[in-house]
Amino acid sequence: MQRRDFLGLSIAAGLSVAGLSGCSKPGPLAFGIHPWIGYEPLYLARDFGWLPETVTFRTGTSARDSMNGLLSGELGGAALTLDETIRVWSQGTELVVVAVADVSAGADVLMVRPRISELADLRGQRIAVELDGVSGILLLKILEVAGLTRDDIVTVDLPVNLHPEAWARGDVDASVCYEPTVSALEQEGGVRLFDSSEMPETIFDVLVVTRDTAEQNPRAVRDLVAAHFSGLRHLVRSMHDSIYRVASRQGIRPENVKSALGTVMLPDLAANQRYLAASGRVEAMARSLSRLMVREGMIPGEPGFRRLCDPAFLPRRLS
């Protein structure tokens with residue numbers, strides 16, 4: 001579970017691989033998606049029938065499934081974090097960010113044993129983290145704030161969904177995670193020591209498509225983005241209904257859904273236009289993250305993109 005397995009959200013969806021055959025009409029955009037609260041507008045769009053036939057979901061359990069699908073050419077787009085987008089691009093698949101789904105504002109968390117009272121106490125501790133996901137980026141930021149390096153800690157590279165088991169066995173002293181793992185560790189006595197609210201506008205969840213898809217199947221890309229905003233509109237205007245839909249579908253308490261929504265910012269159309277601008281925050285953060293990831297050996301080299309975002313697929317207006 002590379003990232004974003006919030007509340008065990010599940011999507012039952014079909015698959016149709018996007019592609020071209022000679023001069024034939026482009027097939028549906030096969031879009032990779034995995035569980036995360038920030039992608040809930042797309043789930044709602046599917047449930048309400050607002051997802052056109054030009055787009056089909058390929059459901060995975062983690063971002064890794066979507067990343068592999070993009071690299072193999074099986075997918076034409078996916079919902080990923082910005083650092084995951086950079087990882088895919090660095091491996092040779094050029095991507096375009098067509099919308100920002102959410103911005104983490106406390107959703108990504110460092111959970112620790114009660115005896116660890118400050119970041120400096122992390123020295124020598126065993127920290128569970130999924131290094132090839134967004135948790136790896138958060139850990140680097142935490143160490144930077146703490147004045148520590150990766151050599152000062154014991155890194156336990158482990159999928160986030162396995163952190164509770166490792167915690168229960170006593171194998172780790174801290175965990176870089178997100179819901180539902182945060183709640184699971186809190187029930188086991190874990191304490192929240194640091195979260196993404198302390199590094200605003202750093203962790204972005206974005207909707208991306210391959211450059212080929214953007215050029216060869218623009219209608220499907222516009223349909224995808226429009227569906228996201230239709231779902232977002234329902235989430236905002238009918239929050240009570242949306243919360244209970246998620247809670248009912250997952251068999252959890254509505255207050256947990258409401259709490260989780262409070263840890264992300266869901267950008268509207270105007271915010272998306274600002275974020276995706278040539279001089280916007282996403283472009284700037286992508287370059288900053290690329291340099292950090294190269295320095296830490298997380299990618300072999302900077303992707304070298306001249307322009308990552310394209311706001312042209314955003315709706316001109318919302319009805």
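Every number in this text was worked out from the coordinates using simple rules, so none of it is lab data. Fair warning: this is a prediction, and the values are worked out from it, not measured in the lab. Virtual Cβ from ideal backbone geometry, glycine too; neighbours counted across all protein chains shown.
Couplings 3J(HN,Hα) for the range 45-58, derived from phi with the Karplus relation 6.51 cos²θ - 1.76 cosθ + 1.60 (θ = phi - 60°), are 4, 5, 5, 8, x, 8, 8, x, 5, 6, 10, 10, 8, 10 Hz, where x marks Gly and Pro. Of the listed values (1) 104, 40, 29; (2) 58, 44, 37; (3) 62, 45, 32, grab the one calculated as Cα extents along the principal axes in Å from the structure here. Matching entry in (1) 104, 40, 29; (2) 58, 44, 37; (3) 62, 45, 32: (3). Principal-axis analysis of the Cα atoms of the chain puts helix 218-237 at an angle of about 60° to the longest axis. Stretched out straight at 0.36 nm per residue, the stretch from Leu318 to Gln187 would grow longer than its current Cα-Cα span by 43.0 nm.
The Cβ shell under 12 Å around Thr149 holds other residues with a net charge of -1, Lys and Arg each +1, Asp and Glu each -1. Here the calculated FRET efficiency for Leu162 and Asp47, from their Cβ-Cβ distance with R0 = 45 Å, stands at 0.95, rounded to the nearest 0.05. Each Lys and Arg contributes +1 and each Asp and Glu -1, all at the Cβ; summed about the Cα centre of the range 134-208, the dipole is approximately 40 debye.
Of the GluC sites (Glu not before Pro) found in the range 63-123, those in coil by DSSP whose Cβ has at most 12 other Cβ atoms within 10 Å are Glu118. Using the Cβ-Cβ distance between Arg237 and Arg274 with R0 set to 25 Å, the FRET efficiency from 1/(1 + (r/R0)^6) comes to roughly 0.70.
Computed from backbone phi with θ = phi - 60° and the Karplus coefficients 6.51, -1.76 and 1.60, the 3J(HN,Hα) list for the range 145-156 is 5, 7, x, 10, 10, 5, 6, 8, 10, 9, 7, 10 Hz; x is used for glycine and proline.
Within a Cβ distance under 13 Å of Val294, other residues only, what is the Lys/Arg minus Asp/Glu net charge?
Residues close to Val294 contribute a combined charge of +1.
Karplus-based coupling profile of the range 260-269, in residue order and whole Hz: 5, 4, x, 9, 10, 10, 9, x, 7, 4, with θ = phi - 60° in 6.51 cos²θ - 1.76 cosθ + 1.60 and x standing for Gly or Pro.
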